[in-house]
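Structure, as structure tokens:
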Amino acid sequence: MDANIAKALNDKLYDKRKSGALELEGLIRDSLAAKDHDRIAKIVHQLCHEYAYAVHQPHARNGGLIGLAAASIALGPEVARYLEEIVPPVLACFSDQDARVRYYACESMYNIAKVAKGEILLYFNEVFDALCKLAADSELSVKNGAELLDRLIKDIVAESAASYVSVLQTPSDDGAPDAAEGPDRASEELPTAFSLARFLPLLEERINVINPFTRTFLVAWITLLDSIPDLELVTYLPRFLGGLFKFLSDINPDVHTATQVCLNRFLEEIKKIARVKRGIAESRKSQGDDSLDRSSTSLPSGEDGESEIDSASPGAHGSIDEKDSDSIVSQTSTANDEKSLNAGKEYEIGEDVQVDHSKILEILVTFLSESSDEEIQLTTLRWIDSFFGICPEDIMPFVPRLLSHVLPTMSHDVDSVRQAANRVNESLMDYIMSLSDDSRRSDNVLGGPLQLPNSLSALGKELTGVERRDSNLSSRLIKTVIRDQTAEVKSTESRGTRTPTPAEDRGPSPRPAPELDYQAAVNALTLQFLNAHEATRVAAIAWLIMLHRMAPGKILSVEDGTFPALLKTLSDPSEAVVTRDLLLLSQISRNSDDSYFTLFMVNLLKLFCTDRNLLETRGNLIIRQLCVTLSAERIYRTMADCLEKDEDVEFASIMVQNLNNNLITAPELADLRKRLRNLDSRDGQSFFVTLFKSWCHNAVAAFSLCLLAQAYEQAYHLLQIFADLEMTVNMLIQIDKLVQLLESPVFTYLRIQLLEPEKYPHLYKCLYGLLMLLPQSSAFAALKNRLNSVSAIGYLHIAPRTYVSPSNSSFNHLRQKSSEAPPLSSNPQGASSTGGFESRARLRGKEDGGVKWTELLEKFRVTQEKARRTQRLNAFGEEFGAPFVPNKDKALPPDAPTRGSNLRPGSAANARPPPIQTQPPGHKPKTSLGNLGRFAGGVAGRKKK
């Protein structure tokens, strides 16, 4: 440079530096016109090293920057060969401590880029990195200058990034012919100035910034690059998608809004690419079907033509071959024409774009599990739900992880997040069910469909009242269980007319869907039983029900750890969870052998034995719901067999009491009560005997069972044995509740039978016997009022013979009937041997047919004696603080009656109150029979005086 130009560029005044730059521009123009490239190179070198790199001379640096800008303007298109030396010093000034130097660097780079245009893309990474830092600059003037430079670089990238090839990459002598042949050939053979492969590592590094201005800058650039069709930035989306999702948690609303728009744009682009590929696959399939149809229809027409015209003419085949060849050529040409036409349409742009859906889903599932931000979770759930329509087959490997994270989100505090999680759960369930048509059909052929009672709809209606947001889930669960019954039958008949499944709506998949990892899914669902929210636990059990229907042989067997978890879930505080758990256990039992059902009943009784609170709070619900979904008689038979052999007489008594209360009051067991009344059949007799042997653990339950079965004579004999038992408070409470139940609609037939004393004489004795056992209470008054309403009939038929006057001929017939009936004080053996009434003949006939009433009475006496001894020993041990084992001679307390005493209810030995003083004051009975009101569901409490 001339000395005056060098001095002017080093001046502290901006105007003098500007005038020096103008002189420098003229000097370089002259040198360029004279093709003095050596001098130009020396001037550029001098500007860089003596001015721009002058660290301790800020005025010289400013002069160097304006001089480099002037030199670039003077060089014009020739600046490309000097950019390698011009750009680095300008970039170095972007990080200068002086704000004015940074501003002048932006101004200088703006002028250089404006002249260089596409050539500046060779240094895009360096310029982008510098702009990324300047976006967060503290000086407003610097930020404004950087914003202007950023706009210019964006314009250059949008215009030239996809196809621009640097002139330095093109041979100077062959540049013109290549350009004449076409720019596409040059772009294919030579690398472009801008490369996404070189830029993405820098983007991955910068995407983790925290500054909101830098984040806005990055989102703007990502949006711009995605808008360039030929770059296909969506192919590299997994490399920076995680950083974009982190931007959603930024407190700056501008960052959040820009990021949301950018993510929505990417999602729509992925959907469009999926639609394009699906449409191409369907068109190819339809074209293949059309060609097959043409080939199949052309042969018959040829044969017909031969038969009609002349089958022996050799030209016929030739004409057919020519027609076929012409049709093939025309088909290929039309297909090519269609492809060429479709290539220009917008929806065909993404035909060759490859999107890695699996990596995107991996990122989505990771953010769903690790992030607690509401916006991130909401956006993640929306993306996952959209992927069911894009690539459902890629979601299958993530199903266990999705279940682990989507189900807890269904209980989120924010309503929008909760609704999004419900949509994802429904979409996932629909997709899994749509893929299981064939497997479910084969399984149903082997095991048969699950037959559910008609009352299940009422059950679902009852469950939806627990929580309103569970109503959809409850209905979906019930529909899932029921619809397979009719769907499997109609699938083979109406395959062509039925509504296509979601999997069929999506069209052909690019590859077969992978197999679901059932065990991993079950493990993930089982862990959700520990979740604190009811909606999550309900959804987990609904998933287990559906998965078990899909693959009953693969999951939920007795050997795995899920069975104990399902039993433990019966203690859940939510009634909806318990009901669905029972539905699942019932479904497993129906698809398993008898050993599983027996094991289920045994473990359920063990659970009741160890968790008495569960028995009190959920016992009725569990028994009634099991009777809805399984065979009620099978349940009662199995439990009765187990309780008969149970050594824990206290628990057996409580459990029998609970089962008996449900047998009397539960609407679901109405058919079972009708079956008990029919003792004329072998099945009815067998069922009664099975229950009676177990019901012997509870005296009042055994008595009420006889009333249900209309075995009134047997019930009367039980009352006689009651005289030998201790009338404890708990027993009196049970009798009190039984009297209240006698006034319920269940025993309407019994009250009607009071009008027929000749046919049911022992019914009067049973009711009067209860009246004699009760103390003066509200139950005593209620039963007395009921008997007084028919006393005129009853007393005439059960009164003793001595009270009837022999001279009164009008009562001879009644006395004859009364003499045939045994008195109240007769022993059981004498009562069983007398006859004359129709009921006695019926009972004797049944005993001849298989019911051995005497053995049942002996079984009852022995069981009650064993229970009495056990209760006495336990009470004695508790009183002295240690278990006590008495001698054989002193096994019973002295005030207890012996078995052989045959004391009657009216004898003097039994006139004193029951010996309840063996228990300490305030002692609560261990059997908790005082809480009988909790067990007798649907029965009104005892009236207060």
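Here are some residues: L131, L148, L121. Which one is part of a helix (DSSP H, G or I) and over 52 Å from the mean Cα position of the chain (by Cα)? Spell out how you get there, then give the answer.
Values: L131 fails: over 52 Å from the mean Cα position of the chain (by Cα); L121 fails: over 52 Å from the mean Cα position of the chain (by Cα).
Checking each option against the conditions leaves just L148.
Only residues in region 639-651 that are farther than 19 Å from E865 by Cα count as the first member; pair them with residues that are open to solvent by 30 Å² or more (accessible area, probe 1.4 Å) and assigned to a helix (DSSP H, G or I), Cβ under 8 angstrom, at least 6 apart or cross-chain, and list the lot.
A640/K693; C642/V602
Just the residues that are part of a helix (DSSP H, G or I) and open to solvent by 10 Å² or more (accessible area, probe 1.4 Å), please, taken from region 45-61. Before you say what the answer is, go through the steps one by one.
To start, the set of residues in region 45-61 that are part of a helix (DSSP H, G or I) comprises 45-52, 58-61.
Across region 45-61, the qualifying residues are H45, Q46, H49, E50, Y51, P58, H59, R61.
Residues in region 566-582: is at least one more than 26 Å from the chain's Cα centre (by Cα) and closer than 30 Å to T870 by Cα?
There is no residue in region 566-582 that is more than 26 Å from the chain's Cα centre (by Cα) and closer than 30 Å to T870 by Cα.
Give me the pairs, please: first residue somewhere in region 763-788 and under 12 Å from Q740 (Cβ atoms), second residue anywhere and part of a loop (DSSP other than H, G, I, E, B) and acidic (D, E), beta-carbon distance under 7 Å, and either six or more positions apart or on two chains.
The qualifying pairs are A782/E743.
I'm told Y236 meets every condition in (1) of a type in the set (F, W, Y); (2) in a helix (DSSP H, G or I); (3) open to solvent by less than 30 Å² (accessible area, probe 1.4 Å) except one. Can you identify the failing condition by its number?
Failed condition: (3).
Which condition from (1) within 19 Å of K114 (Cα to Cα); (2) buried (at least 16 other Cβ atoms within 10 Å of the Cβ); (3) modelled with pLDDT of 90 or more is the one that A136 breaks?
The number of the failed condition is (1).
Filter region 671-698 for residues that are of a type in the set (G, A, S) and open to solvent by 10 Å² or more (accessible area, probe 1.4 Å); which is farthest from the chain's Cα centre (by Cα)?
S681
Which residues, taken from region 1-40, are among the small types (G, A, S) and surrounded by 17 or more Cβ atoms within 10 Å (Cβ to Cβ)?
A6, A8, G20, A21, S31 - these are the residues of region 1-40 that are among the small types (G, A, S) and surrounded by 17 or more Cβ atoms within 10 Å (Cβ to Cβ).
Hey, any hits in region 533-542 for a residue that's within 28 Å of D415 (Cβ to Cβ) and not in a helix (DSSP H, G or I)?
Looking through region 533-542, at least one residue is within 28 Å of D415 (Cβ to Cβ) and not in a helix (DSSP H, G or I).
For region 9-26, how many residues meet the condition of being assigned to a helix (DSSP H, G or I) and either among the charged types (D, E, K, R) or in contact with an Asp or Glu (Cβ under 7 Å, 6 or more places away or on another chain) (or both)?
6
When region 607-624 is examined, which residues are found to be closer than 18 Å to Y596 by Cα and open to solvent by 10 Å² or more (accessible area, probe 1.4 Å)?
Across region 607-624, the qualifying residue is only L607.
Report, by residue number, each residue of region 376-404 that is open to solvent by 50 Å² or more (accessible area, probe 1.4 Å) and either part of a loop (DSSP other than H, G, I, E, B) or in contact with a helix residue (DSSP H, G or I) (Cβ under 7 Å, 6 or more places away or on another chain) (or both).
R382, R401
In region 572-594, what count of residues is obtained for those that are of a type in the set (A, V, I, L, M) and open to solvent by 20 Å² or more (accessible area, probe 1.4 Å)?
0
Restricting attention to region 558-570, which residues are open to solvent by less than 40 Å² (accessible area, probe 1.4 Å) and in a loop (DSSP other than H, G, I, E, B)?
D560, L570 - these are the residues of region 558-570 that are open to solvent by less than 40 Å² (accessible area, probe 1.4 Å) and in a loop (DSSP other than H, G, I, E, B).
How many residues, within region 88-100, are crowded, with 22+ Cβ neighbours inside 10 Å and in contact with a Lys or Arg (Cβ under 7 Å, 6 or more places away or on another chain)?
Total satisfying the criteria: 2.
Under 6 Å by Cβ, and 6 or more places apart or on different chains, what pairs join a residue from region 521-538 that is more than 13 Å from V577 (Cβ to Cβ) with one that is open to solvent by 10 Å² or more (accessible area, probe 1.4 Å)?
Qualifying pairs under 6 Å: A521/P400; A524/P400; A524/S404; T526/A565.
Which residue is farthest from A867 (Cα to Cα), if the candidates are limited to region 653-684 and must be at pLDDT 90 or above and among the polar types (S, T, N, Q)?
By that ranking, first place goes to T665.
Hey, does region 67-87 have a residue that's over 15 Å from A6 (Cα atoms), touching a Phe, Trp or Tyr at 6+ places or on another chain (Cβ under 6 Å), crowded, with 16+ Cβ neighbours inside 10 Å and not charged (D, E, K, R)?
Yes, region 67-87 contains a residue that is over 15 Å from A6 (Cα atoms), touching a Phe, Trp or Tyr at 6+ places or on another chain (Cβ under 6 Å), crowded, with 16+ Cβ neighbours inside 10 Å and not charged (D, E, K, R).
Which of the residues belonging to region 214-231 are open to solvent by 40 Å² or more (accessible area, probe 1.4 Å), farther than 14 Å from L263 by Cα and either charged (D, E, K, R) or touching a helix residue (DSSP H, G or I) at 6+ places or on another chain (Cβ under 8 Å) (or both)?
D230
The values are calculated or read from the model by the stated rules, or taken from the named source; none is laboratory data. Bear in mind the structure is a predicted one, so any value in this text is a computation, not a measurement. Using ideal geometry, Cβ is built from the backbone for each residue, glycine included, and neighbour counts are taken over all protein chains shown. Protein only, heavy atoms only, side chains kept; ligands, DNA and RNA dropped before computing areas. Shrake-Rupley method; radii C 1.70, N 1.55, O 1.52, S 1.80 Å.
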